[in-house]
1. Can you tell me which of 303-309, 480-486 comes out highest on packing, and rank the rest after it, using the mean Cβ neighbours within 10 Å?
2. Net charge within 13 Å of Y35 by Cβ-Cβ distance, Lys/Arg positive one each and Asp/Glu negative one each, not counting Y35 itself?
3. Using the alpha-carbon centroid of each, what span in Å lies between segment 468-482 and segment 497-511?
4. What are the lysines whose alpha-carbon lies under 25 Å from the alpha-carbon of K149, with same-chain residues fewer than 8 places away excluded?
5. Loop sites only, by DSSP: take the GluC sites (Glu not before Pro) in the chain that have at most 16 other C-beta atoms within 10 Å and name the longest stretch containing none of them.
6. Would you kindly derive the ³J(HN,Hα) couplings of segment 387-399 from the backbone phi angles with the Karplus curve 6.51 cos²θ - 1.76 cosθ + 1.60 (θ = phi - 60°), listing them in order in whole Hz, with x for Gly and Pro?
7. Could the peptides 312-325, 106-119 be put in order, highest first, of the mean number of other beta-carbon atoms found within 10 Å of their residues?
8. Any idea how far the Cα center of segment 71-135 sits from the one of segment 248-324, in Å?
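Every number in this text was worked out from the coordinates using simple rules, so none of it is lab data. Given the structure is predicted, the values throughout are model-derived calculations rather than measurements. Reconstructed Cβ throughout: ideal geometry from the backbone, glycine too, with neighbour counts over all protein chains shown.
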Amino acid sequence: PCKQQLAMSLNLATESSEKNELAGQPSFQSISEFYAGKNVLITGITGFLGKVLLEKLLWSCPQIGHIFALMRPKRGESIGARLDSLLASRLFDRLRQDRPDFRSQISPLQGDLFEPNLGLSQKDIELLIRNVSIVFHSAATVRFDEHLKIAVQMNLEGPKKVAELCERMPHLEALVHVSTAYANCDRRVVEEAVYAPEVHPQKLLDAIEWMDDDVLEQVTPRLLGQKPNTYTFTKQLAEFYLTDRFSHLPIVIVRPSIVGASWQEPLPGWVDNFNGPTGVFAAISKGLLRMMQGDVRCKADIIPVDIATNIIISSVWNFRLFSRQATVYNAGVGPGNRLTWGDVERITPEYFVCNPTQSVIRLPKASFTTNSLWCNINWLFNHQLPACLMDLWMYASGRRTVFVRVSNRIRKSTRSLDYFTSREWVFNNTNVLSAMDRMSPSDRLEFDCDASKVDWRLYLERYCTGVKQYALKEDLDDNGSARAHIRKLQRLSLMWNVLLCVLVWRFTLKRVPLAHTMWVLMLNLAMSLFEKLPRLARS
């Protein structure tokens with residue numbers, strides 16, 4: 001019965017799509033109407049952005065045809081079980097309440113970007129070719145320190161395989177490739193255009209086939225050139241390869257900047273991973289990160305995931321109905337409404353002191369510095385040394401040591417972000433603004449693409465709340481013990497600072513004669529004033 005229902009819905013959706021094509025210019029006015037009856041394929045559906053994209057399509061485009069999700073089994077769990085687990089998330093609460101049967105609109109297909117033909121069975125390939133008209137490719141490895149071979153296979157060869165499948169789709173209207181605004185981070189000003197890389201993608205694909213992993217690792221720095229990591233390097237290669245090798249396909253490239261927690265939808269502050277700023281905020285909340293390299297004056301181009309998702313969805317609508325020349329969309333904050341790393345430095349510790357997480361190790365405090373020497377010294381004495389002392393205490397009490405290992409992981413993670421927190425870029429977003437201008441007032445509300453209206457203080461507070469509630473999975477109502485623990489840490493911090501000042505002053509008095517002389521002079525002056533006070537009071 002389920003297969004029959006799926007077949008009927010697919011036939012209806014395909015017939016609707018074919019009628020629209022035969023009619024010439026579609027009569028759709030709204031984004032929701034544009035997606036009505038269209039069948040969609042999404043890769044990377046288990047990723048942060050992929051989940052939000054799935055939820056938003058189902059919620060705001062209820063008449064959408066069928067959504068196929070490319071997934072792979074993981075740790076012995078089938079794709080069906082993985083999808084059920086994903087849909088059980090709080091992210092889908094409003095869908096469960098409004099349309100309990102929304103699960104019937106989604107079909108997971110077993111596949112793998114590393115495998116030939118995406119690891120799809122012949123039956124599934126034929127199913128997709130017959131029915132799909134829009135493809136969203138968001139699957140990628142986002143690890144900055146990924147080995148070049150894996151990064152190429154995932155971020156370059158993966159899009160190539162998706163495009164090859166799209167070539168066989170007679171009803172294809174758009175292949176949306178989700179890239180990153182930092183794919184061209186060697187340029188200070190990034191236009192909505194595809195830039196040619198220094199290394200041709202096909203030559204690298206050929207080299208990957210025969211080159212030994214050790215040799216490839218040795219030549220990686222030379223291949224990267226001015227790129228800071230394999231992620232940005234392979235993302236630029238994929239953009240160029242798709243538009244060069246598959247120029248006959250209707251390709252749309254969307255480049256989000258730093259994707260952060262949601263601003264409003266479907267839940268304010270929703271985030272379920274520790275990538276990028278989320279890991280930094282979580283480390284700050286526990287007192288495990290107190291300094292990292294960065295410039296407080298530089299712009300923190302954090303785009304809320306719901307706004308990035310709206311840009312992805314609306315880009316296809318704008319491309320198909322209005323401007324076939326608009327193929328690249330820079331999904332950044334834009335020139336106005338500036339958020340800096342200095343704002344992050346000030347607001348996040350302030351929030352976590354007032355709304356602490358559980359099991360805080362040290363008082364939340366964070367700062368950025370452009371001085372790499374000072375950052376390294378601070379890391380040694382303010383991070384590594386306390387971690388060693390805490391592990392020593394854990395070992396002495398017969399418990400498992402963890403703090404040095406966690407400290408090293410945080411250090412590795414923050415060092416991969418240094419390049420982005422110490423620089424600033426201009427991501428021109430003319431195509432995004434044009435799409436917004438063409439939207440109806442109701443679409444501007446439903447598919448809000450305007451990051452210039454975000455209240456950054458409120459957003460960071462929601463972000464920190466989301467880190468605590470969704471990423472760390474802590475109860476927001478259970479704050480009493482956490483606040484008492486923070487007050488205890490504040491008293492300990494005050495006592496330590498006073499003790500440190502006394503020790504430094506005592507050491508200075510003993511070692512610096514001039515300081516000792518000035519101290520005696522100040523004491524004598526204070527005593528003389530104290531003796532004169534009674535006489536002054538009587539007079």
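1. 303-309, 480-486
2. -1
3. Their Cα centres are 39 Å away from one another.
4. Leaving aside lysines fewer than 8 places away in the same chain, those within reach of K149 are K74, K160, K161, K203, K227, K235, K412.
5. By the stated rule (loop sites, at most 16 other Cβ atoms within 10 Å), 199-423.
6. 5, 5, 5, 5, 5, 5, 5, 5, 5, 5, 8, x, 10
7. Output ranking for 312-325, 106-119: 312-325, 106-119.
8. Cα centres, segment 71-135 to segment 248-324: 23 Å.
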